[in-house]
Amino acid sequence: MELRYNNLAGLVCAATESGRQISELVLADQAEQMEKDPEFLFQEMDRRLTVMDEAADQGVQPDLRSTSGLTGGSAYLLRLAAGSGNTLCGSVFTRALARALAVSELNAAMGRIVAAPTAGSCGILPAAVLTMLHDRSVPRRACVMSLFTASAVGMVIANNACLAGAQGGCQAECGSASAMAAAALVELAGGSPKMAAHAVAIALKNILGLVCDPVAGLVEIPCIKRNASGVANAFTAAELALAGVTSAIPADEVIVAMKHIGDAMPSALRETSEGGLAATPTGRRLAAELFGM
Amino acid sequence: MNVFDIIGPIMIGPSSSHTAGAARIGRMAGALLGAPAVQAEIRLHGSFAKTYRGHGTDKALIAGILGMKPDDARLRDSPALAKQAGLSVTIIPDHIESAHPNTALIALTAADGRRVSVQGASVGGGNILITRVNGMPVEITGQYASLIVLHRDAPGTIAAVTDCLGSYGVNICNFRLAREQKGGTAVMTIETDGSIDRALNEKIRALPNIIGSTRLEPV
């Protein structure tokens, strides 16, 4: 059976009817589409989880700095805070934030990462899944499988809206990553495909309208911290959905709303660094110091 | 689109367009030279020219010229590695008329004096489009095996080349022709589903009116 990735409702329906997880259907379908053995695709995805894990480790070094020198070292501070036991929301949550920052800061420092779905939003999905793997003792196999569910969500968004900040603003990058992570978290926590779709809707709704306004055009300010907030948002959405909270607006309609909002965004707020934070006095000063822009 | 377009590519940061795509453009230029480069003159246009330092675009281009892939951890040390390899590099922020905002124009020279110039754009998500080789318009994405055939504009030349590919069971997925003027020099850019082996390329080189043919693996 061929799966279609033009709406989430169809995927949820197929999963619910067959009594399987979205990830299982997606893996079987993709193996057929790519004319490859499912085990081969699983191993390819497993390799991506390994790169994510290495990135989360490497990114917490205290002396890590980006090529521009603007960022680095905040993941280390969060790791220290998690270790101290003195955190507001518990150390598991703080470790999730630390991982999002670590992967994102490593990206800015020219380390090896997995675009998920983009390099600018590369910390969110790893932070969610690795936190379940290391701090919640979820089996690795399930964690790898959850990446197939996340990919399916990403494909539905790509088919109906977009994943590029230059096109749809930060909502399209960090918003999509957060929605993908929320779906993965629900599956890993034992939630139903329907719950996963509600989590996608909630996560995306919370980030709708977020603009892409990087200082000096670099994937650093505010991108790195938005990765931390993106994984926090994914946990929020998953927690709500797992508790039975539903989204009044279905996920597929939220995705289309995101597209329309992106289309309505002025170009100054779509990765051109002409508006928003990039256009603040400090943003301009940093750009001038770096590039004489 | 498949799952690995969403979760992937595995790459050296920070930007799929300004780093991963740049590495692929460099790799394509290196492959077209077909020998280790000793000199590289890299002109950058648009966003590449403005932000190349912060994005490591220069390092990625150099790494690509040295043959590295976008996920090679040595990418950030490529300027030093170039020096070790005897490659001298000049980076020139420039303006290239009516080019895509993320464009690099790379002129490479090999030890034997052989030269090639390659203009390419990074068009998003790490995807690239090579638009000029030695000033001639081409269209190469680097996603497929490609053949660049320089030839004299004469009747039957294209048919002879495509016949040759067909006889080896190679299917063409993209074809582009550009010529300077009627009867002058022309260039075919051919992308294929399967790989193009050396013997096939030698056969194409031996055809009438063919000046040169270069085969490229996907980058």
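The values are calculated or read from the model by the stated rules, or taken from the named source; none is laboratory data. Values in this document were obtained by computation on a predicted structure and should not be read as measured data. Neighbour counts are summed over all protein chains in view; Cβ atoms, including those assigned to glycine, are modelled from backbone coordinates with ideal geometry.
Key figures for this structure:
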| quantity | calculated |
| --- | --- |
| Members of region A:79-113 that are part of a helix (DSSP H, G or I), free of Cβ contacts under 8 Å to residues at least 60 places away in the same chain and either farther than 21 Å from B:Arg76 by Cα or more than 14 Å from chain B (Cβ to nearest Cβ) (or both) | A:Arg79, A:Leu80, A:Ala81, A:Ala82, A:Gly83, A:Ser84, A:Ser91, A:Val92, A:Thr94, A:Arg95, A:Ala98 |
| Selection count, region B:25-45, where residues are charged (D, E, K, R) and either within 14 Å of chain A (Cβ to nearest Cβ) or surrounded by fewer than 24 Cβ atoms within 10 Å (Cβ to Cβ) (or both) | 2 |
| Residue in region B:55-63 that is within 11 Å of chain A (Cβ to nearest Cβ), in contact (Cβ under 8 Å) with a residue 60 or more places away in the chain and part of a helix (DSSP H, G or I) present | no |
| Cβ pairs under 9 Å, 6+ apart, first in region A:209-235 and in a helix (DSSP H, G or I), second crowded, with 23+ Cβ neighbours inside 10 Å and basic (Lys, Arg) | A:Val231/A:Arg99 |
| Any chance A:Ser247 is more than 22 Å from A:Arg99 (Cβ to Cβ), of a type in the set (Ser, Thr, Tyr) and in contact (Cβ under 8 Å) with a residue 24 or more places away in the chain | yes |
| Count - residues of region B:133-144 that are touching a Ser or Thr at 6+ places or on another chain (Cβ under 9 Å) and crowded, with 19+ Cβ neighbours inside 10 Å | 4 |
| Breaking point among (1) within 30 Å of B:Ile6 (Cβ to Cβ); (2) modelled with pLDDT under 90; (3) assigned to a loop (DSSP other than H, G, I, E, B), for B:Ser98 | (1) |
| Cβ pairs under 6 Å, 6+ apart, first in region B:3-24 and at the interface with chain A (Cβ under 7 Å from one of its Cβ atoms), second of a type in the set (D, E, K, R) | B:Ile7/A:Arg48; B:Ile10/B:Asp71; B:Met11/B:Asp71; B:Ile12/A:Arg112 |
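Residues are listed down the side, and each one gets a yes or a no for (1) farther than 15 Å from A:Asn6 by Cβ; (2) more than 12 Å from chain B (Cβ to nearest Cβ); (3) outside any helix (DSSP H, G or I); (4) in contact with a helix residue (DSSP H, G or I) (Cβ under 6 Å, 6 or more places away or on another chain):
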position: A:Ser137; (1), (2), (3), (4): yes, yes, yes, no
position: A:Arg141; (1), (2), (3), (4): yes, yes, no, no
position: A:Ala166; (1), (2), (3), (4): yes, no, no, no
position: A:Gln171; (1), (2), (3), (4): yes, yes, no, yes
position: A:Gly175; (1), (2), (3), (4): yes, yes, no, yes
